[in-house]
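Colleague: The structure is given below, and queries will be raised subsequently.
Values quoted throughout were computed directly from the atomic coordinates according to the rules given, and no laboratory measurement underlies them. Owing to the predicted nature of the structure, the values given are computational and were not obtained by experimental measurement. All Cβ positions, even for glycine, are placed from backbone atoms using ideal geometry, and neighbour counts span all protein chains on display.
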Amino acid sequence: MNKLRIVPLGGGPGTVTSNMWLYEYGGEAIIVDCGIGFPEDKVSDDILLPDITYLKTKHLQLHGILLTHGHDDHYAALPHILPYLDSSPPIYGSRLTAAFAQDKLEEFGLKHKIQVISETDQIKLGPYRIDPIHITHSVPDAFHYLITTPVGKIYHGSDFKFDLTPLDHWPPNFAKIVASSSGGVLCLLADCLRSERAGMTPSEVSLTPALKRELNHWGGRLIFTTMSSQIHRIQQAIDVALGYGRRLCFIGRSMERTSQIARELGYLRFPQKAVVKSNQLKRFKDFQLCLIISGSQGQEASSLTRYAGGKHKIIKPKVTDKIVYSTDIIPGNEQAVFKVIDKLVRLGTSVVYQETTDDLHVSGHASATEQQLLMELVNPQYLYPIGGSFRHMYRFAQLAKQLGFKQEQCLLPDFGQVVEFDESGRSFLAETLPLNLPRINQNK
């Protein structure tokens, strides 16, 4: 009797990053996401890759790879993984996700074409039927996937929050979540990262007043940093800067590329005449400039890190500069981020970051009430918390019990452990893979 196996090639339970989920049934498989991770002892630009040893030894027929959204920990391992697969599977994602992933592949000289899908599409991949569902997150154009398998429906609910007033006026598709779940869902895999936080995560639009406050009456350069995929956040910084009559300058390869891609696709909006090239900055007064720079995670070779160390070829620190961090620190990056901030404050610049000003960032992840709402909407037979540490998983299970789910319905596997479902719909915690996530330096 064949079983559906959900195999966490990136580690899965207890991990936030290196997302790569293999769905296997009778020798046929699909993958959801292919992301990088970050070592806990990170002191350089080292990254972790999913361990595909299991995939290679099983010689499965891989029908396709589905990308949920445009964050590095969900797609940026593709150029490192694709060359080692036995086949060249089709890869699917939304317009923005596909564009980010395509750019990453081209950076590495890979010709693989990412296929763009919309939430009105339905994809047949071997024995799997895929229905994309639009969801809100900190990057636009994100998907959840309803995966219909031979043993039942699986709702793959990667990173999300229920933003009811998103900046792009494109809220979550609650109707499709409910419609797709009709007839019963065998298992809900759901983002559990903020299960410890009560209530709902604030909307992205709540940040605008704080950004205005930081820019108001500031006579020097404003240097704004966030993750380059935080398109809504970048749009807010752009809107505020333009409202104060400032010109824009995008600095750093990732920031330049993602802003260009997002603008070409209509996810970022600003007049091209408002943009200043970095080699033209000396033509403008400091109070006329807003620099949007990459390096919010303390990356060793990033523009912000080089600026803080006085090693950037074009922009040099000034005591009249204000650097605004508007991002969460990815677990594992704390030491690198604070090392850069230490350098900035010692230079005499003004630095605003989460530990000093807590209203300059909102999470892209659902808090407890939103997680419980997703449980209610999907109403699955089993729950499988993903995308969080073990404490987040156990808190997620407690939230489920508050809604009447039984303890045996909450699956809490270990790092690298396979979850199985038989054709009667029963779940099993199967073997634990001896995963060894490859560690590489992304600048080499």
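Colleague: Tell me whether region 93-156 comes out rounded, prolate or oblate; compute the Cα gyration tensor, take square roots of the eigenvalues as a ≥ b ≥ c, and use a/c under 1.5 as the rounded threshold.
Modeller: Verdict is oblate for region 93-156.
Colleague: Would you mind checking which residues have amide H under 5 Å from I251's amide H? H placed 1.01 Å from N; only 5 or more apart, or other chain.
Modeller: I292, I293, S294
Colleague: How big is the dipole moment of region 204-352 about its Cα centre under a simple scheme where the beta carbon of each Lys and Arg is +1, that of each Asp and Glu is -1, and everything else is neutral? Debye, nearest 20, please.
Modeller: Roughly 760 debye for region 204-352.
Colleague: Out of the GluC sites (Glu not before Pro) in region 401-435, which ones are loop residues according to DSSP with at most 16 other C-beta atoms within 10 Å?
Modeller: In loop regions of region 401-435 (DSSP not H, G, I, E or B), the sparsely surrounded GluC sites (Glu not before Pro) are E423.
Colleague: Can you work out the Karplus-derived ³J(HN,Hα) for every residue in region 244-260? Use 6.51 cos²θ - 1.76 cosθ + 1.60 with θ = phi - 60°, whole Hz, and x for glycine or proline.
Modeller: Rounded to whole hertz, the list is 9, x, 8, 8, 9, 9, 8, 10, x, 4, 5, 5, 5, 5, 5, 5, 5.
Colleague: Here's a follow-up. For K277, go through the lysines and keep the ones whose alpha-carbon is under 18 Å away, minus same-chain ones fewer than eight residues off.
Modeller: Once the sequence-local lysines are set aside, what remains near K277 is K285, K313, K316.
Colleague: At a threshold of 8 angstrom on Cα-Cα distance, excluding pairs fewer than six apart, so keeping six or more, what relative contact order does region 204-352 reach in percent?
Modeller: Relative contact order for region 204-352 comes out at 29 percent.
Colleague: What are the chymotrypsin sites (Phe, Trp or Tyr not before Pro) within region 147-227 that DSSP puts in a loop, where the Cβ has at most 11 other Cβ atoms within 10 Å?
Modeller: When the chymotrypsin sites (Phe, Trp or Tyr not before Pro) of region 147-227 are filtered for loop state and at most 11 Cβ neighbours within 10 Å, nothing remains.
Colleague: If the elastic network links every pair of Cα atoms under 10 Å, which of Q236, Q354, Q297 fluctuates the most in the Gaussian network model of the chain?
Modeller: Answer for the Gaussian network model of the chain: Q354.
Colleague: Taking amide hydrogens as modeled 1.01 Å from N in the peptide plane, which residues meet the under 5 Å criterion relative to D163, leaving out close sequence neighbours?
Modeller: T136
Colleague: Shifting gears a bit: Expressed as a rounded percentage, what relative contact order does the chain have, with Cα pairs under 8 Å and six or more residues apart?
Modeller: 22
Colleague: Among G425, G184, T57, flag the residue with its Cα farthest along the positive direction of the charge dipole of the chain, charges on Cβ as +1 for Lys/Arg and -1 for Asp/Glu.
Modeller: T57
Colleague: So which of K56/K104; K56/K401; K161/K282 end up more than 32 Å apart, counting from Cα to Cα?
Modeller: Over 32 Å Cα-Cα: K56/K401; K161/K282.
Colleague: For every helix of n ≥ 4 consecutive DSSP H residues, a contribution of -39,500 (n - 2.57) applies; sum these over the chain, divide by its total residues, and give [θ] at 222 nm rounded to the nearest 500 deg cm²/dmol.
Modeller: Mean residue ellipticity at 222 nm (helix-derived): -7000 deg cm²/dmol.
Colleague: Turning to a different aspect of this structure: In vacuum, with every alpha carbon of region 204-352 counted as one equal point scatterer, what does the Debye formula give for log10 I(q)/I(0) at q = 0.10, 0.12, 0.15, 0.17 Å⁻¹? Two decimals, please.
Modeller: Treating every Cα as an identical point scatterer, log10 I(q)/I(0) equals -0.30, -0.44, -0.71, -0.94.
Colleague: Can I ask one more? Let me check the size of the chain from its C-alpha atoms; what are the radius of gyration and Dmax in Å?
Modeller: Rg, Dmax (Cα atoms, Å): 21.9, 72.
Colleague: State the antiparallel share, in %, of DSSP beta bridges confined to the chain, rounding to the nearest 5.
Modeller: The answer is about 50 percent antiparallel.
Colleague: Using +1 on the beta carbon of Lys and Arg, -1 on that of Asp and Glu, and nothing else charged, what's the dipole of the chain about the Cα centre, debye to 20?
Modeller: 1840
Colleague: Looking at the chain as a GNM with Cα springs under 10 Å, which of D359, D141, D191 has the largest mean-square fluctuation?
Modeller: D359
Colleague: Mind listing the phi-derived Karplus ³J(HN,Hα) values for region 205-211, rounded to whole Hz, using 6.51, -1.76 and 1.60 with θ = phi - 60°, and x for any glycine or proline?
Modeller: For region 205-211, the Karplus curve yields 5, 5, 7, 3, x, 5, 5 Hz.
Colleague: Where the convex hull is taken over the Cα atoms of region 181-235, what is its projected area averaged over directions, in nm²?
Modeller: In nm², the orientation-averaged hull projection of region 181-235 is 6.8.
Colleague: When averaged across all projection directions, what area in nm² does the alpha-carbon convex hull of region 49-161 cover?
Modeller: 7.1
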